[in-house]
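Enquirer: Here's a structure for you.
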């Protein structure tokens, strides 16, 4: 016989979970999510507005450059941080192509030598950090990819925002894999 216990997730504190584990030690848990139709996911415009908050007058410190974006995200709802992470992962994934990797300067992909997958990830970050217009142009024309430039700190905006807001460790897997070679269509055999 299957019993269904419905609890709003906001009520699942450590004590409630402990009580359920004691009462039903062999039970399996499934979570059914109902999207709140009043809370739409972050829009493209909002994502790019947050990217535009980065302060390039502090080029000597990548942490200082991303600080305004982190400050902004950490004052909003946690869901917004996750939405930002999802959109960032999607943009990084879309740029993960051989054509883009072949045009990043000295460390560009070629079939005959070592290729740094991390460097290419950080170069894709740089393309996004340069804003919506630059990103869209580079997406359409891989020749426009940043040359010998990276911006790894873009990756830390979601985790830093989350940890600042909640005081907890960030443990979220965004919608798209961001590692180089994840976009199988971008790296045909």
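Enquirer: Checking residue 80 against (1) over 14 Å from the mean Cα position of the chain (by Cα); (2) free of Cβ contacts under 8 Å to residues at least 40 places away in the same chain, only one condition comes out false. Which one?
Expert: The failed condition is (1).
Enquirer: Now, a different point. Can you tell me how many residues within the stretch 73-83 are touching a helix residue (DSSP H, G or I) at 6+ places or on another chain (Cβ under 6 Å) and surrounded by fewer than 19 Cβ atoms within 10 Å (Cβ to Cβ)?
Expert: Count: 1.
Enquirer: For the stretch 129-149, which residues satisfy the criterion of being crowded, with 21+ Cβ neighbours inside 10 Å and over 13 Å from residue 100 (Cα atoms)?
Expert: 129 - this is the single residue of the stretch 129-149 that is crowded, with 21+ Cβ neighbours inside 10 Å and over 13 Å from residue 100 (Cα atoms).
Enquirer: Here is a follow-up. What is the number of the single condition among (1) more than 18 Å from residue 151 (Cα to Cα); (2) within 20 Å of the chain's Cα centre (by Cα) that residue 50 does not meet?
Expert: Failed condition: (1).
Enquirer: Could you pull out every one of the helices (runs of 4 or more DSSP H) wholly within the stretch 78-189 that has 2 or more residues that are under 26 Å from residue 63 (Cβ atoms) and modelled with pLDDT of 95 or more?
Expert: Those helices (runs of 4 or more DSSP H) span 78-94, 117-129, 132-140, 157-166.
Enquirer: Does residue 48 satisfy the criteria of being under 30 Å from residue 181 (Cβ atoms), touching a helix residue (DSSP H, G or I) at 6+ places or on another chain (Cβ under 9 Å), at pLDDT 95 or above and not in a loop (DSSP other than H, G, I, E, B)?
Expert: Against the criterion (under 30 Å from residue 181 (Cβ atoms), touching a helix residue (DSSP H, G or I) at 6+ places or on another chain (Cβ under 9 Å), at pLDDT 95 or above and not in a loop (DSSP other than H, G, I, E, B)), residue 48 qualifies.
Enquirer: Just the residues that are in contact with a helix residue (DSSP H, G or I) (Cβ under 9 Å, 6 or more places away or on another chain) and either over 12 Å from residue 130 (Cα atoms) or surrounded by fewer than 20 Cβ atoms within 10 Å (Cβ to Cβ) (or both), please, taken from the stretch 51-60. Lay out the reasoning, then the answer.
Expert: So the first thing to find is which residues in the stretch 51-60 are in contact with a helix residue (DSSP H, G or I) (Cβ under 9 Å, 6 or more places away or on another chain), and the list is 51-59.
Those that are in contact with a helix residue (DSSP H, G or I) (Cβ under 9 Å, 6 or more places away or on another chain) and either over 12 Å from residue 130 (Cα atoms) or surrounded by fewer than 20 Cβ atoms within 10 Å (Cβ to Cβ) (or both): 52, 53, 55, 56, 57, 58, 59.
The values are calculated or read from the model by the stated rules, or taken from the named source; none is laboratory data. None of these values were measured; they are calculated from a predicted model. With ideal geometry, Cβ positions are generated from the backbone for all residues, glycine too; neighbour counts draw on all protein chains shown.
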